[in-house]
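Q: Quick one: this structure, given as C-alpha cells, is what I'll be asking you about.
Quick note: the coordinates plus some simple rules give every number you see, no bench work behind them. What you see is a predicted model, and the numbers here were worked out from it, not measured in a lab. In this analysis, Cβ positions are derived from the backbone assuming ideal geometry, glycine residues included, and neighbour counts consider all displayed protein chains.
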Amino acid sequence: MKISYLTSCACVAVVLLVTVVGRSFGEDVIPPHAALSLDDCIQLALKYAPELGEADGDIALATSKLAEAKAYRYPQLEVTALIGPAPTAYREYLDPVRTDKPFSFNSLTWFTSADATLIQPLYTFGKISENMKAATHGIEVDRSRRQQRANEIVLKVHEYYYGLLLAREMKELVLEVEEILIRAREKAQKLLDQGSATVDEMDLYKLDAFSGMATKYLEEAKKGEQLALAALRARLNLPVYAPLETGTERLVIDNAEILPLETYLNNAHARRPEFQQIAEGLKARSALVEAAKANYYPDIFLGGLFSWAYAEDRERVHNPYLTDPFQHLVGGVALGARWKLDFGITGAKVSAERAQYNRLLSTSDFANANVPLQVKKYYLDLIEAKNSAAATRSAYLNAKKWAVTAVANFDFGMGPAKDIFEALQAYSSMRSDFFKSVYNYRIAAASLNYATNEPLNIQEK
C-alpha cells in the first residue's frame, strides 16, 4: 500500500504552512457552524490580516509626509514673549548723555515684550515642490505594497484551504480501503470456517497486516486534517477550537481556460504591484534627488517683523538712531533670501539620494528578469498538474475496476487474496497521486493568479 507518500507530503506541507502567529480573537467573526467557501475565507483573512493593518499605517505615515511637504508653502510664524526686570530710564539722561548712572536694585522695574517673525516662502528652487512629488509617489508605493501583501495573503489562504481538502480526501481514501479490507477479512474468515481450499491462515495474516497499515495512514490523514484546520483558523483569526466547515467538499479540477503564456506575461507586467512600486519609487527617488540638489540654491521669501516692548518708569525715545529693547514698537516687511552654504554636506546628500535611485534601477532590472520566469514556472506547473490529473484519474479508475474484480473473485472463491492486495495497492497509489495532482493544479492556478495580479472581485469588509 503506497498511499503514505501523498499522506506524508500532505502532512509535511501543512506543517510548513502553519506559520501564522496567534493573535487576539474576535467573538463576532462568523456564526457557529457556518460553512465557509474559499471566497469567504479570503474575505475574513483580508479583514483581519495584521499585515494589512501595518500597510495601512505605512500609507497614513506617507500621507502625513505629503501634508508636511505641502505645509511648507504656507507662512511660518515665530513668536517670542518675555517678561523680566529692566532698569528705569528717563529722557533727561540723554540731554546731556549720561554715562555714569550707577546701577541700583531699587531702580529696577518690570518689562514685557513680544517679537514676531513671519516668513512666506516665494521660491525655493524645488525644495518644496520636489518633496511634495516624492511624498505623493511614496503614497502610491505604499498602496502598491499593501496590494502585494493582500495578494500574498490570498495565496496563503488558497494553500491552507486546498491543503484541508487534500487531507480530507486522503482520509476518505484510507477509509474506503479500510472498508474493503474489512469485508475481505470477513469473507476470508467465512471461507476458512467452511474449509475452502482457496483461503488459508496466511491470507488472514496478510489482510490483518494490511489493515494495520491502513489504520496507520488513517491517523496520518487525520493529523494532516487537524493541522490544515489549525492553519486556516489562524489565518482567519478564529479561536483555536472554533468550528470551521468548508463550503466545497471535494478537491476537483475546474474547467477554467488556460490562456497562452504570452497573455499571462503581459498581464503580469501590466498589473503586478511590484512593477507599480518600482515605477512610483523611481519617481519618488528622482524627486528626492532634485530636492537635495535644490539645497545648492537660496530660498526667496517675503518676511514680516513685529516687535513690541513695554516697561514702567522708562520713557520712550523717539529717535531712529536709538532703539530701546525694553520700550519700543517697531515692524516692517521685506523681501529676503536665505542661503545656507556648506562644504560638501549638500553634495554628499545628493550622492546618497542618487545612489538610492540607482539601487532601485537595479531592482527594476531584477524584477524584469525574474517575474517572467516566475510566471512561466507557475504556467508550466499548471499545465503539468492538469495533464497529470487527467492521466492519474484514468489510472485510478481502472485500478478501481481491478480491485472490484479481485474482491468479487475472492468472494466467489475464484481468486487469491494476493490479487486484492495488488489491486488495492495500485488503486490507493493512483488515487492519491490524482489528488496530489489536483492539489498541485489548484495551487499552480492560485500562484499564476498571484503572479499576474488577477482581479478577485472580492471586496474587503
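Q: Based on the mean of other beta carbon atoms within 10 Å per residue, what is the order of 228-234, 265-271, most packed first? Please report the intermediate quantities before stating the final value.
A: On the way: 228-234: 23.4, 265-271: 16.0.
Per-residue mean Cβ counts within 10 Å order the peptides as 228-234, 265-271.
Q: Additional query: Would you mind getting me the FRET efficiency between residue 47 and residue 242? Use the beta-carbon distance for r and R0 = 22 Å, nearest 0.05.
A: Numbers: r = 15 Å, r/R0 = 0.70.
Using R0 = 22 Å, I get an efficiency of 0.90.
Q: Follow-up. Rounded to the nearest 0.05, what FRET efficiency do residue 104 and residue 68 give with R0 = 56 Å and r taken as the Cβ-Cβ distance? Could you check? Kindly include the intermediate steps, with their values, before the conclusion.
A: Numbers: r = 52 Å, r/R0 = 0.92.
That pair, residue 104 with residue 68, gives E of 0.60.
Q: In the chain, if the dipole is taken from +1 on Lys/Arg beta carbons and -1 on Asp/Glu beta carbons about the Cα centre, which of 410, 236, 198 is farthest to the positive end?
A: Highest projection toward the positive end goes to 236.
Q: Past 20 Å, Cα to Cα: identify those pairs from 190/401; 223/436; 223/386; 377/436; 47/223; 133/340, in the order given. Mind showing how you got there, number by number?
A: Working: 190/401 24 Å; 223/436 17 Å; 223/386 27 Å; 377/436 18 Å; 47/223 28 Å; 133/340 23 Å.
Flagged as over cut-off: 190/401; 223/386; 47/223; 133/340.
Q: Further question: Note the per residue figure in Å³ for the convex hull of the C-alpha positions in segment 353-461.
A: Working: hull volume 17.4 nm³, N = 109.
Here the figure is 160 Å³ per residue.
Q: Pop out the ³J(HN,Hα) list for segment 391-401 in order, Karplus 6.51 cos²θ - 1.76 cosθ + 1.60 with θ = phi - 60°, rounded to Hz; leave Gly and Pro as x.
A: 5, 6, 5, 4, 5, 6, 5, 5, 5, 5, 4
Q: Enumerate the aspartates and glutamates that residue 70 could reach by cross-link, defined here as Cα to Cα under 12 Å, with residues fewer than 8 away along the same chain left out.
A: Within reach: 130.
Q: For Cα pairs less than 8 Å apart in space and 6+ apart in sequence, what is the mean separation divided by the residue count of segment 163-306, i.e. the relative contact order in percent? Each step should come with its number before you reach the end.
A: Working: 56 pairs, mean separation 38.9, N = 144.
About 27 percent, as a whole number.
Q: Now a separate question. Collect residues whose amide H, placed 1.01 Å from N in the peptide plane, falls under 5 Å from the amide H of residue 111; neighbours closer than 5 in sequence don't count.
A: Hits under the 5 Å cutoff: 84, 86.
Q: Next up: List the relative contact order of segment 388-461 as a percent without decimals, with contacts defined as Cα pairs under 8 Å and 6+ residues apart.
A: On the way: 49 pairs, mean separation 29.3, N = 74.
For segment 388-461, the relative contact order is 40 percent.
Q: OK, next. Rounded to whole Hz and in sequence order, give me ³J(HN,Hα) for segment 56-66 from the Karplus expression 6.51 cos²θ - 1.76 cosθ + 1.60, θ = phi - 60°, writing x for Gly and Pro.
A: 4, x, 5, 5, 4, 5, 5, 5, 5, 5, 5
Q: In deg cm²/dmol, rounded to 500, what helix-only [θ] at 222 nm does the chain give when every DSSP H run of at least 4 residues adds -39500 (n - 2.57) and the total is split over its residues? Intermediate values should be presented prior to the final figure.
A: On the way: 9 runs with 284 residues, N = 461.
Helix-only estimate at 222 nm: -22500 deg cm²/dmol.
Q: Over 22 Å apart: what share of the alpha carbon pairs of segment 250-341 falls there, rounded to a whole percent?
A: Result: 70 percent of Cα pairs exceed 22 Å.
Q: I'd like the distance between the alpha-carbon centres of segment 126-190 and segment 343-382, rounded to an integer number of Å.
A: Each part's Cα centre sits 29 Å from the other's.
Q: Right, here's the next one. Tell me, 394, 362 in order of fewest to most beta-carbon neighbours within 10 Å?
A: 362, 394
Q: Work out from phi, with θ = phi - 60° and the Karplus expression 6.51 cos²θ - 1.76 cosθ + 1.60, the ³J(HN,Hα) of each residue of segment 83-90, listed in order in whole Hz, and give x for Gly and Pro.
A: Per residue, the Karplus-derived 3J(HN,Hα) values read 8, x, x, 8, x, 6, 7, 10 Hz.
Q: Sticking with this one: By DSSP, what percent of the beta bridges with both residues in the chain are antiparallel, rounded to the nearest 5?
A: Numbers: 36 of 39 bridges.
Percentage antiparallel, nearest 5: 90.
Q: Treating the beta-carbon of each Lys and Arg as +1 and of each Asp and Glu as -1, no other charges, what is the dipole magnitude of the chain about its Cα centre, to the nearest 20 debye? Working shown, then result.
A: Details: 52 positive and 57 negative charges, 179 e Å.
It works out to roughly 860 debye.
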